[in-house]
Amino acid sequence: MGIPKHAVPDAAFRLMSKADQARVRPSCAGSTRALACTPSAPSRADHPMKDHRSERQLQEDMANLLNQRSIFYLRSRMDKKTTLPVGMPDFFIFPSNGRYLAVEAKVQGGELSDDQKRVFDRFWAYTGKVVHIVWNLDQFRELLDTYCT
């Protein structure tokens, strides 16, 4: 199955050989700042299923799916100012298999902020885990099927 292009953090990308970099992010091989080359959001043609118009709606749908599957998660509210550090992932998911996932939701046209890039790099450095970026509910469902079984 391989690693999704958007799942390799900058810190890990810099440590990869040029050949591996080219396989993961062909347009960014050899880049010293890989996340500057973060892939743009997939087009609608790439996502025949539900097209989310807002990140808020995508996050609501993700939370509903987690609740349907009885998977414990933490998420900051979107209607109030967060008390978490700026740039933290949208979801921390704790399935019953002892794993955990950090997930950031983005919609078509969305990009990672500089704060998010910095936090995601630090998250990788401290935990050795990536922050998964999902662009639609189908990708999120596939992520859950892969890691939460």
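The values are calculated or read from the model by the stated rules, or taken from the named source; none is laboratory data. From a predicted model like this one, the values you see are computed outputs, not experimental measurements. No Cβ is skipped: glycine too gets one built from the backbone with ideal geometry, and neighbour counts run over all protein chains shown.
When the residues of segment 62-98 are filtered to those that are part of a helix (DSSP H, G or I) and in contact with a strand residue (DSSP E or B) (Cβ under 9 Å, 6 or more places away or on another chain), which remaining residue is surrounded by the fewest Cβ atoms within 10 Å (Cβ to Cβ)?
Taking segment 62-98 as the starting set, the residues that turn out to be part of a helix (DSSP H, G or I) are 62-68.
Subsequent filtering for residues that are in contact with a strand residue (DSSP E or B) (Cβ under 9 Å, 6 or more places away or on another chain) retains 62-63, 66-67.
Numbers: MET62: 25, ALA63: 14, LEU66: 20, ASN67: 11.
Only one residue fits best here, namely ASN67.
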- Item | Which numbered condition MET49 fails, given (1) modelled with pLDDT of 95 or more; (2) exposed (fewer than 11 other Cβ atoms within 10 Å of the Cβ); (3) touching a helix residue (DSSP H, G or I) at 6+ places or on another chain (Cβ under 6 Å) | (1)
- Query: Between residues in segment 93-105 that are within 19 Å of ALA125 (Cα to Cα) and residues that are crowded, with 18+ Cβ neighbours inside 10 Å and charged (D, E, K, R), which pairs lie under 7 Å by C-beta distance while being six or more apart or on different chains?
  - Reply: VAL103/ASP90; GLU104/ASP90
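Identify all residues within segment 131-145 that are in contact (Cβ under 8 Å) with a residue 60 or more places away in the chain and either surrounded by 17 or more Cβ atoms within 10 Å (Cβ to Cβ) or among the β-branched types (Val, Ile, Thr) (or both); write none if there are none. Let's see the steps before the verdict.
Going residue by residue through segment 131-145, those that are in contact (Cβ under 8 Å) with a residue 60 or more places away in the chain are 131-138, 140-141, 144.
Passing the criteria: VAL131, HIS132, ILE133, VAL134, TRP135, ASN136, LEU137, PHE140, LEU144.
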- Message: From the list GLY87, GLY128, exactly one residue is of a type in the set (Gly, Ala, Ser) and touching a residue at least 24 places away in the same chain (Cβ under 8 Å). Which is it?
- Response: GLY87
- Within segment 112-123, is even one residue aromatic (Phe, Trp, Tyr), in a helix (DSSP H, G or I) and without any contact (Cβ under 8 Å) to a residue 24 or more places away in the chain? no
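Which members of segment 124-149 meet the condition of being of a type in the set (Phe, Trp, Tyr) and assigned to a helix (DSSP H, G or I)? Spell out how you get there, then give the answer.
To start, the set of residues in segment 124-149 that are of a type in the set (Phe, Trp, Tyr) comprises 124, 126, 135, 140, 147.
Passing the criteria: TRP124, TYR126, PHE140, TYR147.
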